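A quick write-up on the structure given underneath.
Only the coordinates and a few stated rules stand behind these numbers; no lab work does. It should be emphasised that the depicted structure is a prediction, and the values quoted were computed from it without experimental measurement. So basically every Cβ, Gly included, is an ideal-geometry build from the backbone, and we count neighbours across all protein chains shown.
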Amino acid sequence: MIQHAPLIIDVAGTRLSKADKRRLSHPLVGGVILFARNWDNREQLTKLCKQIKKVRADLLICVDHEGGRVQRFRTDGFTHLPPMRVLGELWFAGQPGQESEAALAACNTATAAGYVLGAELRACGVDFSFTPVLDLDHGGSSVIGDRAFARDARVTTLLAQALMHGLMQAGMRNCGKHFPGHGYVKADSHVDIPVDDRPLQAILADDAAPYGWLNASLSSVMPAHVIYPQVDSRPAGFSSRWLNDILRGQLGFTGAVFSDDLSMAGARQIDGREVSYTEAAITALQAGCDLVLLCNQCIENDGEPIDDLIDGLSQAQLEGRWWPNEVSEQRRQELLPQGYPLPWDELMIEARYMHALSLLP
């Protein structure tokens, strides 16, 4: 029987409840995403991650931990990482005649940031961070803003590649987001349904360009809950045109595709009507996503929407409306970290880590 665990869900608090354990043990659940509410201190986080792995060793423990305002763990020794815009500013900080040296130094700093980010998370048992942001800073998006490296797709590509090299040194995979680009639209897909009216060629030549240039480096991609009506009437994360024809076919990407959070407003409307989480998940999986996220349901709704999604996807499988994908499961497994992490106390005196800290702005 083909195995495929496409669901990434959240848990309620700083330790697993019986309900959390029950959900995480379900064969359709492939991982957990952590938030600031799951954090008290490093010791507690490490115990929580061990609890999760005790339920199933292959569960992928994820977090949004980019730096700047999107960093879930900030105390008890965790380094305050700069927003990615700071790395872009370093790129352009060179004096006349020294522009190349400044760009190379910025890439080195990006690698250091990636290593610190990945090594600190892994020392506490976290497997994976949804980073780097590949969106371009067009200047009008409040939800992206300083999360973006730069306006220039080439600068963004090289800084992201450097950051991913640092993650790789820590044994951590990466996730480029939000394909094909969220930086041009002003609306926030958490609470709205953004629309980008540009033609395909304009998007491919600019915002989506990093995905082609990084197709040998990206481990995974997260599409945007944005509609690009000149390409498809559906948001990118529910569009086979974007995910299969363009991302995989045209841009050559071969890794895993995550949906963005299905609870966001941009995921609740498909083809002009409101859909259930189960229908949204099935639509995303059929469109080319390998994994789907449903976040922030344990606190707000006592986890009932997660149970409904698990039951709904199980029923859809029995009815033949959704089929497990062995290739997708292989892609999920490949996101698990490589090698053994350094324990925190050993990391704090490791030469590479100390040098990386010295390079951060």
Worksheet entry | Debye intensity ratio I(q)/I(0), log10, segment 190-234, q values 0.25, 0.34 Å⁻¹ (C-alpha model) | -0.99, -1.18
Worksheet item: For segment 198-298, what Kirkwood radius comes out of the mean inverse Cα-Cα distance, in Å?
Response: 13.7 Å
Worksheet item: For the chain, what are the per-bin percents of Cα-Cα distances with bins 20 Å wide, up to the bin holding the maximum?
Response: 31, 60, 9, 0
Worksheet item: Which order do Thr283, Thr14 fall in if you start with the one that has the fewest other Cβ atoms within 10 Å?
Response: Thr14, Thr283
Worksheet, complete the sentence: On each of the three principal axes the extent of the alpha-carbon atoms of segment 1-47, given in whole Å and largest first, is 41, 17, 14
Worksheet entry | Distance in nm between pseudo-label sites at Ser233 and Glu43 (7 Å out along the Cβ direction from Cα) | 5.8 nm
Item to complete: Report the normalised scattering of segment 57-178 as log10 I(q)/I(0) at q = 0.17, 0.20 Å⁻¹, calculated by the Debye formula with identical scatterers on the alpha carbons.
Response: -0.80, -1.06
Item to complete: Report the semi-axes of the equivalent ellipsoid for segment 244-361 in whole Å, largest first, where each axis is √(5λ) for an eigenvalue λ of the Cα gyration tensor.
Response: 35, 20, 16
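Return one quarter of the surface area of the convex hull spanned by the alpha-carbon atoms of segment 133-255, equal to its mean projected area, in nm². It would help to have the intermediate numbers written out before the result.
Numbers: hull surface 27.3 nm².
Averaged projected area of segment 133-255's Cα convex hull equals 6.8 nm².
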Worksheet item: Taking the Cα centre of the chain as the origin and placing charges on Cβ (Lys, Arg +1; Asp, Glu -1), which of Gly88, Phe130, Ser358 is farthest toward the positive end of the dipole?
Response: Ser358
Worksheet item: How high is the FRET efficiency between Gln315 and Glu101 when r is their beta carbon distance and R₀ equals 56 Å, given to the nearest 0.05?
Response: 0.40
Response to the item:
Computed over segment 132-178, the distribution of all Cα-Cα distances in 5 Å bins, rounded to whole %, is 5, 24, 29, 20, 14, 6, 2
Item to complete: Report the paramagnetic label zone for Glu350: residues of segment 96-128 whose backbone N is under 19 Å from a point 7 Å from Cα along the Cα-to-Cβ axis.
Response: 108-128
Item to complete: Can you check what the Kirkwood hydrodynamic radius comes to for segment 1-139, Cα pairs only, in Å to one decimal?
Response: 16.8 Å
Fill in: Cross-link reach list, aspartates and glutamates versus Lys50, counting only Cα pairs under 17 Å and skipping chain neighbours closer than eight places
Asp10, Asp20, Asp40, Asp58, Glu120, Asp127
Discussion item. Charges at C-beta only: +1 for Lys and Arg, -1 for Asp and Glu. How large is the resulting dipole of segment 1-159 about its Cα centre, in Debye rounded to 20?
Written reply: 1060 debye
Worksheet item: Say a paramagnetic label sat at a point 7 Å from the Cα of Lys53, along Cα to Cβ; which residues of segment 328-361 have their backbone N under 19 Å from it?
Response: 332-348
